[in-house]
Amino acid sequence: MIEKKKKLPMGIDDFSKIRKEGFYYVDKTAMIRDLLNEWGEVTLFTRPRRFGKSLNMSMLKAFLEIGCDESIFEGLEISREKELCEKYMGKFPVISVSLKSVMGADYETASSVMRTVIGNEAMRFQFLLEDDRLTEREKSLYRQLIEIDSEDSGSFKMSETVLLGSLKTLSMLLQKHYGKKVIILIDEYDVPLAKAEARNYYRKMVDLIRGMFDQALKTNEHLYFAVMTGCLRIAKESIFTGLNNLNILSITNVRFDEYFGFTDREVKELLEYYQIEDKYGLIKEWYDGYHFGNIDVYCPWDVISYCYETLGNPNAVPRDYWSNTSGNDAVRRFIEKSGNGQTKSEIEALVAGETVIKEIHEDLTYDQLYDTIENIWSMLFMTGYLTSRRQVDLNLYELTIPNREIRNIFTRQITAYFNSLVRKNSERFENFCDALKTGDAEKTEELLISYLYDSIAVRDSSTQKDKKEILYHGLMIGILANKDGWKSQTNADTGDGYCDVMVEIEREDIGMIIEFKYAEGARLAAGCRDAMAQIERMDYTSRLKREGYRTIYKYGIACYKKRCRVVCEKEEYDPDA
């Protein structure tokens, strides 16, 4: 009998559902052991998105909350810790909220969503209204948390003052009901701040979050302990004012480093379980490479997504799953701020698989992230677009792009940015096209060099020398794609092979063949001669002649780094002759 495999948990971050409904689970319950053995009053875990933060918070809730279903932990790592399970499992009232949905076009909308998040959590405890241990005044406080706005039945009515004290009020009521202090779990605490900064109501949202946290986490005698997750570690003076009991565990910390993301062993076990071990190399190339603390990890979202596709289609190729969960504005704004100096060279080095050394500041605020290029380096590191290869000094890290997926994000944003530059300078663009279609090699060379200096080279340090010209004809195609009425294609099938670039201007009866050579050692003249000889030897103009073009320009272009040389020959062809 063939064993029925467990389902892959695509997009599921509910621990109880995964365990009860037969989904595959990578056991991270040892995190519960480590947290309970050394917990602080407030612990903040910061990790990039899609690294299992919400699932781990759901796991904590399932383990700690009164009414815990102990069966879902059977066979898992934490079940071996008998004393901890006896002391903590199912022993506490738990308030669990996720702020990942708290956003809106303005503060009023976002604060209304916050009321909904808190109100829905409070609704789980309606038994408080029947509790004889609560006074009528205390029950009235609870009603303020769950009262629905009569003018908008889809939202909660609670005032700003009630909202600020909502978590503390709820914890007070739950402690009185159960006779035990409360555990508070807050997932994705900083999403409202990121969205507020993008929509220009940041200061108001800071005041709201700070006010709620002050009461819930700093002056709350009903709190046993709290755990929070987020993407960034926000400066204490911004949100956690006076919160001296905050223990921050970021991607640079060794403790808890293996509990967010899949380790190499966990990926191999998953692939073996589904009998797709042959995909290991691809998965490692595309989705590995993140370094948290002292351990290397894969992005879980990517691994599960690709395995899911592979099980349905054994020939599925890896693609960018992580990038589809965000607009990647961070990389776009980074590239736009790169200028023409050192930062541009550093981006080129990163995309080529090399490393750069940068000072990292983890205690930024969202309204500071894009103030300076130095802050953006820190933000890219903390959000997973860059990772550390080693710590050089106290705040100094050797950074690199973690894997092929993130490299693709950079290259797409670089291409988009370059295309915007082409469109922005319409005069240069038209002059370049005019030079090309009239065979003006000198002007073409001058303007192509200017484009090379404006561009960020998307190169690969492992690329063979005879393949590096691909980068340059990719640049040419990128420029010409903006020209209406011009049909340009790369690796066009013509003659006895494939030319680098072929251009057709039908309405003017003009065709072009453009052949690139990478001139190692800046031997530009020799590179041009080789390019022109190849055009003749391979008879690249034959296709244009068959299609009846009367004027054909043959371009040989030799490039080396940001330099180039252009030669051109014009050929008149009479299809009727």
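The values are calculated or read from the model by the stated rules, or taken from the named source; none is laboratory data. What you are looking at is a predicted structure, and each value in this text was computed from that prediction instead of being measured. All Cβ positions, even for glycine, are placed from backbone atoms using ideal geometry, and neighbour counts span all protein chains on display. Just so you know, the surface numbers come from the protein's heavy atoms only, side chains and all, with ligands and any DNA or RNA stripped out. Shrake-Rupley method; radii C 1.70, N 1.55, O 1.52, S 1.80 Å.
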Contacts under 8 angstrom Cβ, first residue in the range 156-185 being more than 14 Å from VAL113 (Cα to Cα) and modelled with pLDDT of 95 or more, partner in a loop (DSSP other than H, G, I, E, B) and among the hydroxyl-bearing types (Ser, Thr, Tyr), 6 or more apart: LYS168/THR219
Filtering the range 48-90 down to residues that are charged (D, E, K, R), in contact with a helix residue (DSSP H, G or I) (Cβ under 6 Å, 6 or more places away or on another chain) and either assigned to a helix (DSSP H, G or I) or over 14 Å from THR29 (Cα atoms) (or both) yields ARG50, GLU77
Check on LYS562, in contact with a Leu (Cβ under 9 Å, 6 or more places away or on another chain) and either open to solvent by 40 Å² or more (accessible area, probe 1.4 Å) or among the charged types (D, E, K, R) (or both): yes
Can you name the residue in the range 159-175 that is hydrophobic (A, V, I, L, M, F, W, C) and open to solvent by 10 Å² or more (accessible area, probe 1.4 Å) and, of all such residues, is farthest from ASN120 (Cα to Cα)? MET172
Given the condition at pLDDT 90 or above, over 16 Å from the mean Cα position of the chain (by Cα) and not charged (D, E, K, R), answer yes or no: does some residue in the range 401-421 qualify? no
Pull up the range 496-510, narrow it to residues that are open to solvent by 20 Å² or more (accessible area, probe 1.4 Å) and in contact with a strand residue (DSSP E or B) (Cβ under 9 Å, 6 or more places away or on another chain), then point me to the one that is farthest from LEU447 (Cα to Cα). TYR498
Of (1) open to solvent by 20 Å² or more (accessible area, probe 1.4 Å); (2) part of a helix (DSSP H, G or I), GLU121 fails just (1)
Starting from residues that are assigned to a helix (DSSP H, G or I) and open to solvent by less than 10 Å² (accessible area, probe 1.4 Å), keep the ones in the range 6-35 and report whichever is farthest from LEU380 (Cα to Cα). ILE18
Can you spot a residue in the range 519-530 that is within 23 Å of GLU572 (Cβ to Cβ) and either of a type in the set (S, T, N, Q) or open to solvent by less than 80 Å² (accessible area, probe 1.4 Å) (or both)? yes
Is one or more of the residues making up the range 417-435 assigned to a helix (DSSP H, G or I), in contact with a helix residue (DSSP H, G or I) (Cβ under 9 Å, 6 or more places away or on another chain), open to solvent by 60 Å² or more (accessible area, probe 1.4 Å) and hydroxyl-bearing (Ser, Thr, Tyr)? no
